[in-house]
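Read the figures in this text as sums done on the coordinates, not as results from a lab. Note that the coordinates shown come from a computational prediction; the quantities given were computed from them, not determined experimentally. Here the Cβ positions follow ideal geometry from the backbone for every residue, glycine too, while neighbour counts run over all protein chains shown.
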Amino acid sequence: MRISIVGSGYVGLVSGAGLSEVGHHVRCMDIDEDRIDGLRRGVVPIFEPGLDALIEENTRQGRLDFTTSLESAVEHAEVLFIAVGTPPGEDGSADLSHVLNVARGVGHLLQSPLLVVVKSTVPVGTCEQVRSAIQGALDERGAQVPFTVASNPEFLKEGAAIADFMKPDRIVVGTDDEEAEHLLRELYAPFNRNHEKLLCMDIRSSELTKYAANAMLATKISLMNELSNLAERVGADIEHVRLGIGSDPRIGYSFIYPGVGYGGSCFPKDVRALERTASQFGYEAELLRAVEAVNNRQKEKAFARLKSHFGDALNSTRIAIWGLSFKPNTDDMREAPSVVLIRSLLERGAEVAAHDPEALDEASRVFDGAAGLHLAEDPYEAADGADALVLVTEWKPYWAPDFGRLHQSMRQPVLVDGRNIWSPDVVRRRGFTYYAIGRP
Ligand code: UDX
């Protein structure tokens, strides 16, 4: 099938690579010329395990190419995906200007029948707006070309995006058009092998499904973080509690890890946007508001710990931080808890030395040479001479560090484990003062 994808960001590139891998002919489009130039030379602008290889191979096979021309994307496609960003607007609702610009552009250029599929995460009702925008542009030209708009949200996780795309749990398609459903069934057939994964529904339900999934997951995390704060106060250990509840299959073990808060490009933005949608429809989403509030408070947790440990002396400390990305296996720092912590520490006058296996370039962009922040190439270099080490992101190489070496090189042996990855017994026996989340 001939497929175009407008927007070569995270979702667009992974989808493009995955769809070309199974034999479709995919054209990825973006208005960013540097990005497209790079991609043509095999330079992938994001860090995602396995993506480089997939793009290189499919480009070489002639099944994947890149363009900055919307015209060439429209001309190429039987199915055109919109996968541009929907950043939060000032009031937290999703900003649809990119999506609707693409829709208008498509309407101006359309010559032959097209299925337009909205993959960007968009509030309920957006597909209808996309349809009107395309129709409006066609009307301006006085042209009559048949087109359909369908919804097909993406559920991939950063760091595991290729696997998620190639072996999805489910493929959600929202359409009221039989022909569109057939086309999308054909397009996704290679990903739909073992059992039926394609869930076809009306457009509004499909649009809401994406937000509902993220809201449910974010709620699990915030509830767990709330319980961990309670555990600390009542003298319980949240790690025992986690196992005690996770063993109930109705609850399950996943997404109940307490920590220093969720970040990333999706959860914070989508919870907020869903809250906005609710209020636009005259409904007060109290639980969603609480999920967000608990998360914001949780992101201050590590700083609060350091403040209570060091008191006024905090301004003359050197604090080491391990992990800057919002989660392991990505260099993405959007809404990362590390950013909140580092800003608070620098404001307080502390010195910060931070390490991350992949996000150092991103960190130097985010902090732009902030005074008092040192970005270290090596985790032990970051810890050298530190008064405390805070583990913010649970990258694998941090799980079993050389505690002896750390103890020797730190000025004070204080560990703040923001993800509960170390054993309290082990680190205490090694002579550290150890703080975790929700543990005595
Ligand atoms: C998420 C959804 O999982 C994905 O389906 C959707 O398409 C986009 O948003 P992603 O943002 O890549 O994906 O990250 P995810 O792995 O879900 O983690 C989100 C955040 O939750 C991270 O900050 C992580 O550290 C945190 N988290 C996760 C916890 O704090 N505890 C947990 O138990 C699980």
Response to the item:
If one compares the long axis through the Cα atoms of helix 51-60 with the longest principal axis of the Cα atoms of the chain, the angle in degrees, nearest 10, works out at 30 degrees
Practice prompt. Would you grab the residues whose amide H sits under 5 Å from the one on His374? Only those 5+ places off in sequence or on another chain, please, with H modelled 1.01 Å from N.
Written response: Val352, Ala353, Ala354
Practice prompt. Determine the alpha carbon to alpha carbon distance for each of Lys119/Lys269; Lys157/Lys301; Lys210/Lys396; Lys119/Lys197; Lys210/Lys269 and list only those over 20 Å.
Written response: Lys157/Lys301; Lys210/Lys396
Discussion item. Viscosity 0.692 mPa s, temperature 37 °C: what is the translational diffusion coefficient of the range 1-103 from Stokes-Einstein with a Kirkwood Rh over Cα pairs, rounded to a whole number of µm²/s?
Written reply: 239 µm²/s
Worksheet item: For Lys396 and Glu140 in one chain, what is 0.36 nm times their gap in residues minus the Cα-Cα distance, to one decimal in nm?
Response: 86.6 nm
Worksheet item: Once phi is turned into θ = phi - 60°, what whole-Hz ³J(HN,Hα) does the Karplus curve with 6.51, -1.76 and 1.60 give for every residue of the range 113-125, x standing for Gly and Pro?
Response: x, 9, 9, 9, 10, 8, 9, 4, 6, 9, x, 4, x
Worksheet item: Using Cα pairs under 8 angstrom and six or more residues apart, how large is the relative contact order of the range 211-297, in percent?
Response: 39 percent
Worksheet entry | Rough spin-label spacing in nm, given labels placed 7 Å along Cα→Cβ, for Arg233 and Asp425 | 3.0 nm
Discussion item. As a test of the formula, what do you get for the chain when each DSSP H run with n ≥ 4 contributes -39,500 (n - 2.57) and the sum is divided by the residue count, at 222 nm and rounded to the nearest 500 deg cm²/dmol?
Written reply: -13500 deg cm²/dmol
Worksheet, complete the sentence: Given Cβ charges of +1 for Lys and Arg and -1 for Asp and Glu, the option among Val173, Phe155, Val122 whose Cα lies farthest towards the positive end of the dipole of the range 94-173 is Val173
Worksheet entry | Hypothetical label at Glu33: residues of the range 66-87 whose amide nitrogen lies under 19 Å (7 Å Cα-Cβ projection) | 66-73
Practice prompt. Give the order of Arg131, Arg40 when sorted by the count of other beta carbons within 10 angstrom, beginning with the fewest.
Written response: Arg40, Arg131
Fill in: Whole-number percent relative contact order across the range 2-201, with pairs defined as alpha carbons under 8 Å at least 6 apart
19 percent
Discussion item. Compute the angle between helix 203-234 and the longest alpha-carbon principal axis of the chain, please, reported from 0 to 90 degrees and rounded to the nearest 10.
Written reply: 10 degrees
Practice prompt. Could you name the lysines whose alpha carbon sits less than 25 Å from that of Lys307, not counting residues in the same chain fewer than 8 places away?
Written response: Lys299, Lys327
Item to complete: Compute the relative contact order of the chain as a whole-number percentage, counting only Cα pairs closer than 8 Å that sit 6 or more residues apart in sequence.
Response: 12 percent
Discussion item. Less than 19 Å from a label point 7 Å out along the Cα-to-Cβ axis of Ala189: which backbone N atoms in the range 1-44 qualify, by residue?
Written reply: 1-4, 18-26
Discussion item. Under the rule a/c < 1.5 gives rounded, and otherwise a/b versus b/c splits prolate from oblate, where does the range 2-201 land using the Cα gyration tensor?
Written reply: rounded
Discussion item. Sort 268-279, 172-183 by packing, meaning the average of other beta carbons within 10 Å per residue, with the highest value first.
Written reply: 268-279, 172-183
Discussion item. Just to verify a number: FRET efficiency for Thr433 and Leu287, C-beta to C-beta distance, R0 = 35 Å, to 0.05?
Written reply: 0.45
Worksheet item: Under a point spin-label approximation (7 Å from Cα along Cα-to-Cβ), what is the Ala212-Met1 distance to one decimal in nm?
Response: 2.4 nm
Fill in: Whole-angstrom gap from the range 226-281 to the range 197-222, using each part's C-alpha centre
17 Å
Worksheet item: Hey, can you rank 136-146, 64-74 by average C-beta count inside 10 Å, highest first?
Response: 64-74, 136-146
Response to the item:
Full extension between Lys307 and Asp95 adds, at 0.36 nm per residue less the Cα distance, a length in nm of 72.6 nm
Item to complete: Could you please rank Tyr262, Tyr435, Tyr380, placing first whichever residue has the fewest other Cβ atoms within 10 Å of its Cβ?
Response: Tyr380, Tyr435, Tyr262
Fill in: Degrees separating the helix 97-109 axis from the principal Cα axis of the chain, which is the longest one
20 degrees
Discussion item. Using a Förster radius of 51 Å, what is the FRET efficiency between Asp202 and Glu56 based on their Cβ-Cβ separation? Nearest 0.05, please.
Written reply: 0.85
Discussion item. Take Ser112 and Val22, extend 7 Å from each Cα along the Cα→Cβ direction, and tell me the distance between the two endpoints in nm.
Written reply: 2.3 nm
Worksheet item: Which value, to two decimals, describes the C-alpha radius of gyration of the range 211-297 once divided by 2.2 N^0.38 Å?
Response: 1.15
Worksheet, complete the sentence: Kirkwood calc, the range 299-435, C-alpha pairs only, radius in angstrom 14.6 Å
Discussion item. Along its three principal axes, how long is the chain when you only count alpha carbons? Whole Å, largest extent first please.
Written reply: 74, 47, 43
